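Enquirer: Just dropping this structure here.
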Amino acid sequence: MSENSYLGSFQFGGIASGLDTSSIIDQLMSVERKPLERLQNDFEKLQLQQKAWKEVDSKLSDFWDFLATFKLKSNLIPKSVQVSDENVLSATASTSASNTNFKVKINSLSSSTSFTPTNTLGNIPDLTTQYYQLNGRTTPVAGSFTLKALDSSGNIMESVTINFSGTDTIGDIINQIDANSTYFTASLNNGKLRIEEKAGQEGSVSSILLGDSSDTSNFTEVFNLEGSDFVPGGATAGYIESTVHAGAVNTSKILSDISSDVTSGIIRINGTEITVSSTDTLGDLIARINASNADVIAWYDENEDKLMIRNKEGGPQSITIEDGDSTGANKTNVLDDLSWIDTSGNYMGTIIPGTAANVEIDLDGDGTADLTKTTWGNTVEYNNVTLNLKSISSNWIDVQVTQDADATYDKIKEFVDKYNEVIGYIYEKLNEESVKPEKGETLSEDDKLKGVLKGDDNLQNIFDSLRNMAYGVISWSSNVNAKYSSLYEIGINSGDAGGTYENTMKGILQINEDKLKSAIQNNAEEVWKLFAYEDDNNKGIAIKFKDYIWDTTKFGGTIDQISGTTGTIGLEMRDIAKRMTSLIDQLQRKEAYYWQKFSAMEQSVSQMQAQGSWITSAFMK
């Protein structure tokens, strides 16, 4: 009972009379509260019904979600394509493709127009370049560096440590290696450091170990020797060489650090304007180019130290690169520094036009082409089959298109399993008994829900409708020309035999595997039609299920009209809630009335006791 606003701050609880007033009033109120308790029980039952209907709705909605994609031809009757050499091509087929065999020969692949700069982004160092100037990818740290020669057993034949300062030139460092090592000499070739066996030592070194835990420099990082492998010698000298020249940059390099004349502005690629800031990194510029509508792909080649670009689409379409906006203003000077175009607009590299893919198709298997297809992409469409070209082939590649009967069978089995799950759940809810708690036991939420919908007429109607659709026969219009009108005809039925009807009573479906697979193999299109055909006057079984479940679960649908906020259960709950509120008010008034009466009695008894005490006192005088 909530706090009683009708009670005052003080009640006399049997002080004068000696009665347990509070207990007496509680007993009286216990009787008065019986109607309220009955309403509370009714309200809780309705809450459980509402929750039970929500679970039914969820089960049906999950089935609807499955049916929404199950009905698609691409899911229900997919085609399987086998290719004799998947290194050359892969293939997929739409459901409209015919079951067929043909051969394919790829004479050429499509390529897109590309541009490769002549110059590198970083300055290629020479022998006079000082160590501290090699800051394209990392900050140079001078100090010591160890070079070790290993034999075939991994034993160290020589360990040489060289020391250098930041102002030492590359030539100074090379001279130290030459002077201190018995096995190795060093050279600089187009900015790449090469450490190789000395004359007369060819083949004597099995491997080279660069660096030691005691080293204080970052020599290998600066000269881009990390990731480079030693090439053993023999007739010629073994060597290890920088993966890229020592002045190379990386994508984290700020554009204004690549060249100080870069300014913020606009560049245009294939007519699309792209904003550039002097504080952008090379990676920022690449990302902005690739995200634009220029239909190109730009990337940084780490081993070449060049910013490459190509069209997304195959074919000979040119790539146009311009500095500034359409009026010629807002130039950035960055394109010259990227070695794309010079200040006069001339390309500073090589443009290689894109080419077309050329494919021959042999339809009858005689080894001669029956048709030739040319396309600007590496995807070729033939007779509802998509060929994805991977490499040129001198031989014919076999392509076989068949019905993927196993995939269709698995999908239909999934349909049957999900239907059985739903119909089984509803049957259980219609027939399960409620759970009675033992004395002192508290039921779980699941146990409370058991039996809540037992024998419910609305749920029975849903069950009957689903079962009738599963076991029913479709009356097709004559124009549909359908081979099948029921699941029974393709091997799906209740499975009841010998005069038993248990599965039929429960609405369960079972599959005759051989009969279903035969129908799929021989009449896949007709199987799809039985499930998913739809026009103004005809609906396949899956469509019937889908539409019925939608009408049942949608807002304002069957279940919402029963258990929704404005449904019959919701309205009844609101009515009970109003009656409970009224009863609570009446009970509080009744409780206040009892306290008022008992308090008045206590006051009367107290006065009588006081008068008696006075009379007794008077006689004793």
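The values are calculated or read from the model by the stated rules, or taken from the named source; none is laboratory data. These numbers come from a predicted model, not from an experiment. Virtual Cβ from ideal backbone geometry, glycine too; neighbours counted across all protein chains shown.
Enquirer: From the list T116, T69, T120, which residue is in a loop (DSSP other than H, G, I, E, B) and either not assigned by TED's automatic domain parsing to the domain that holds S518 or not small (G, A, S) (or both)?
Expert: Answer to the selection: T120.
Enquirer: If only one of E438, E414 is farther than 27 Å from I562 by Cβ and modelled with pLDDT under 95, which one is it?
Expert: E438
Enquirer: Output the helices (runs of 4 or more DSSP H) that fall wholly within region 215-308 and possess 1 or more residues being assigned by TED's automatic domain parsing to the domain that holds L335, without any contact (Cβ under 8 Å) to a residue 40 or more places away in the chain and surrounded by 15 or more Cβ atoms within 10 Å (Cβ to Cβ), or say none.
Expert: In region 215-308, 255-258, 282-291 are the helices (runs of 4 or more DSSP H) which contain 1 or more residues that are assigned by TED's automatic domain parsing to the domain that holds L335, without any contact (Cβ under 8 Å) to a residue 40 or more places away in the chain and surrounded by 15 or more Cβ atoms within 10 Å (Cβ to Cβ).
Enquirer: Which one of I156, I173 is more than 47 Å from the chain's Cα centre (by Cα), touching a residue at least 40 places away in the same chain (Cβ under 8 Å) and farther than 28 Å from N123 by Cα?
Expert: Result of the check over I156, I173: I156.
Enquirer: Residue check, N512 against (1) in contact with a Leu (Cβ under 8 Å, 6 or more places away or on another chain); (2) modelled with pLDDT of 95 or more, all met but one. Which one?
Expert: (1)
Enquirer: Separate question: Considering only residues that are of a type outside the set (D, E), out of contact with any helix residue (DSSP H, G or I) (no Cβ under 8 Å at 6 or more places or on another chain) and either over 27 Å from S61 (Cα atoms) or in a helix (DSSP H, G or I) (or both), which ones fall in region 402-436?
Expert: T402, A407, K413, V416, N420, N431, K436
Enquirer: In region 475-495, what count of residues is obtained for those that are in a loop (DSSP other than H, G, I, E, B) and either touching a residue at least 40 places away in the same chain (Cβ under 8 Å) or surrounded by 15 or more Cβ atoms within 10 Å (Cβ to Cβ) (or both)?
Expert: 9
Enquirer: Right, another one. Considering N358, N378, N388, N458, which residue is polar (S, T, N, Q) and over 30 Å from I319 (Cβ atoms)?
Expert: N458
Enquirer: Considering only residues of region 564-574 that are assigned to a loop (DSSP other than H, G, I, E, B) and not hydroxyl-bearing (S, T, Y), which is farthest from the chain's Cα centre (by Cα)?
Expert: G567
Enquirer: Scan region 509-563 residue by residue and report those that are in a helix (DSSP H, G or I) and of a type in the set (F, W, Y).
Expert: W528, F531, F545, Y548, W550
Residues checked against (1) touching a Ser or Thr at 6+ places or on another chain (Cβ under 8 Å); (2) under 30 Å from T402 (Cβ atoms); (3) modelled with pLDDT under 95; (4) among the acidic types (D, E):
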{"residue": "M308", "(1), (2), (3), (4)": "yes, no, no, no"}
{"residue": "L338", "(1), (2), (3), (4)": "no, no, yes, no"}
{"residue": "T343", "(1), (2), (3), (4)": "no, no, yes, no"}
{"residue": "G367", "(1), (2), (3), (4)": "no, yes, yes, no"}
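Enquirer: A further question on this structure: Just one of (1) in contact (Cβ under 8 Å) with a residue 60 or more places away in the chain; (2) surrounded by fewer than 16 Cβ atoms within 10 Å (Cβ to Cβ); (3) within 21 Å of G247 (Cβ to Cβ) trips up E313, so point out which.
Expert: Tallying (1) in contact (Cβ under 8 Å) with a residue 60 or more places away in the chain; (2) surrounded by fewer than 16 Cβ atoms within 10 Å (Cβ to Cβ); (3) within 21 Å of G247 (Cβ to Cβ), E313 fails exactly one: (3).
Enquirer: Here's a follow-up. Among the candidates L127, L147, single out the residue that is in a loop (DSSP other than H, G, I, E, B) and modelled with pLDDT of 95 or more.
Expert: The unique qualifying residue is L127.
Enquirer: On to the next question. If I filter region 75-84 for residues that are under 25 Å from the mean Cα position of the chain (by Cα) and not in a loop (DSSP other than H, G, I, E, B), do I get at least one hit?
Expert: yes
Enquirer: Read through the list (1) over 32 Å from the mean Cα position of the chain (by Cα); (2) under 30 Å from T375 (Cβ atoms); (3) assigned to a loop (DSSP other than H, G, I, E, B), then give the number of the only condition that E313 fails.
Expert: (1)
Enquirer: Here's something else I'd like to know. Out of region 360-382, which residues are surrounded by fewer than 16 Cβ atoms within 10 Å (Cβ to Cβ), hydroxyl-bearing (S, T, Y) and part of a strand (DSSP E or B)?
Expert: Residues satisfying the conditions are T372, T374, T379.
Enquirer: Scan region 383-410 for residues that are within 17 Å of S108 (Cβ to Cβ) and either surrounded by fewer than 20 Cβ atoms within 10 Å (Cβ to Cβ) or touching an Asp or Glu at 6+ places or on another chain (Cβ under 9 Å) (or both) and report the count.
Expert: The number of residues fulfilling the criteria is 10.
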